[in-house]
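This report concerns only the one structure given below.
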Amino acid sequence: MSTLDITALNQYSNEELETRVDHGRLPRHVAVIMDGNGRWAKSRYMPRIAGHYEGMKSVREIVTACREIGIQALTLYAFSQENWKRPPEEIGLLMKIMEGYLKSELDLLLEQEIRFMTIGRPELLPKPVLRWIDKVETATRDCDKMILTVALSYGGRGEIVDAMRAILEDYRQGNVDLHDIDESLIEQHLYTAALPELDLLIRTSGEARISNFLLWQVAYAELHLTKTLWPDFRRRELLLALLDYQTRERRFGRTSQPDFPQTIGKPS
Ligand code: IPE
Ligand code: IPE
Ligand code: MG
């Protein structure tokens, strides 16, 4: 299959989709812009927060599915730096949902040996959320079957600014020279330094933008854009995203099509 024929794949049962996934060619690091909770609720004449609750169920299912399938790292965009501009009532309820998620998931994460971490600027997060983040990060520190990273109060530009500040501090202290500054050094100072290279970025809800997510890391990631709203994005949708990924040829600027020898050096 050279391009994903979503209509054809949609005819397959979940079991058939499972067997089609090539476990030897899985993305190591999958990230998701979990979008569309509000629209999911609106279409049901429910308050936006109902969409966020339902979206939490998708988080649970996708985390478990990624762990079972064998994804090494899953990074979820839960709250952006720009989301602080939302009405305080919605922000407050989102923070409550986050706290509830951390409380209810700790045992499940330990059982599945999933390490939990967060990226972003946590300063503005409410104290109870910070306490739970700390608790879950500490408790799962030695888990090594998958890394679940939740981007909270996260912005890609802010991440690059923080990396620049850290590097300049090292420079000021004489630990880094101007010639040492290269892509690898910058990567080592990003929040994601401990994670594998980003292979697949999924965005739900039909939007086709990055919204300040993993700006540096996305350089050569494959993109899977789906109209499905996040609360409807469950294991089946994940399988479709993985199958889409597996149809791609990752060239990283190279070409896999050598030219005909007789034409080389003879531009027309
Ligand atoms: C994504 O859903 C969740 C967050 C950004 C916190 P939205 O709340 O953005 O839902 P839509 O995009 O308005 O449908
Ligand atoms: C992106 O969704 C942020 C998260 C999913 C946390 P938004 O709904 O905030 O993005 P925009 O505003 O549509 O770009
Ligand atoms: Mg949105």
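Structure values in brief
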read-out: The chain: relative contact order as a whole-number percent, Cα under 8 Å and 6+ apart; value: 29 percent
read-out: For the stretch 8-63 versus the stretch 185-244, the gap between their alpha-carbon centres in whole angstrom; value: 13 Å
read-out: Shape category assigned to the stretch 75-191 from the gyration tensor of Cα positions, a/c cut at 1.5; value: oblate
read-out: Expected 222 nm ellipticity per residue - DSSP helices of 4 or more, -39500 (n - 2.57), all of the chain, to 500; value: -13000 deg cm²/dmol
read-out: Cα-based shape type of the chain, given that a ≥ b ≥ c are square roots of the gyration tensor eigenvalues and the cut on a/c is 1.5; value: oblate
read-out: Residue range of the chain that is longest and free of chymotrypsin sites (Phe, Trp or Tyr not before Pro) which are both DSSP loop and sparsely packed (at most 12 other C-beta within 10 Å); value: 46-251
read-out: Length released on extending from Arg28 to Ala8, taking residue separation times 0.36 nm less the Cα-Cα span; value: 4.6 nm
read-out: Relative contact order of the stretch 31-94, defined on C-alpha pairs under 8 angstrom at six or more residues apart (%); value: 39 percent
read-out: Student exercise, the stretch 159-214 dipole from Lys, Arg, Asp, Glu Cβ charges, in Debye to nearest 20; value: 320 debye
read-out: Relative contact order %, the stretch 182-259, counting alpha carbon pairs below 8 Å whose residues are six or more apart; value: 29 percent
read-out: Within the stretch 195-261, GluC sites (Glu not before Pro) in DSSP loop having at most 16 other beta-carbon neighbours inside 10 Å; value: Glu197, Glu207, Glu249
read-out: Pairwise label distance in nanometres, Lys96 with Met164, each label 7 Å out on the Cα-Cβ vector; value: 3.9 nm
read-out: Distance between the stretch 76-99 and the stretch 119-142 - C-alpha centres, whole angstrom; value: 15 Å
read-out: Among Leu242, Leu168, Leu152, residue whose mean-square fluctuation peaks in a GNM of the chain (springs only between Cα atoms under 10 Å); value: Leu168
read-out: The chain: DSSP helices with Cα axial extent of at least 20 Å and average Kyte-Doolittle hydropathy no lower than -0.5; value: 48-69, 88-111, 156-172
read-out: Rounded accessible area of His224 (nearest 10 Å², 1.4 Å probe); value: 10 Å²
read-out: Dipole moment magnitude, nearest 20 debye, the stretch 111-175 about Cα centre, only Lys, Arg, Asp, Glu C-beta charged; value: 240 debye
read-out: Rounded if a/c under 1.5, otherwise prolate or oblate - the stretch 1-138, Cα gyration tensor axes; value: oblate
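The values are calculated or read from the model by the stated rules, or taken from the named source; none is laboratory data. Nothing here was measured: the structure is a model prediction, and the numbers come from that model. Here the Cβ is made from the backbone with ideal geometry for all residues, glycine too, and neighbour counts use every protein chain on show. Just so you know, the surface numbers come from the protein's heavy atoms only, side chains and all, with ligands and any DNA or RNA stripped out. Shrake-Rupley method; radii C 1.70, N 1.55, O 1.52, S 1.80 Å.
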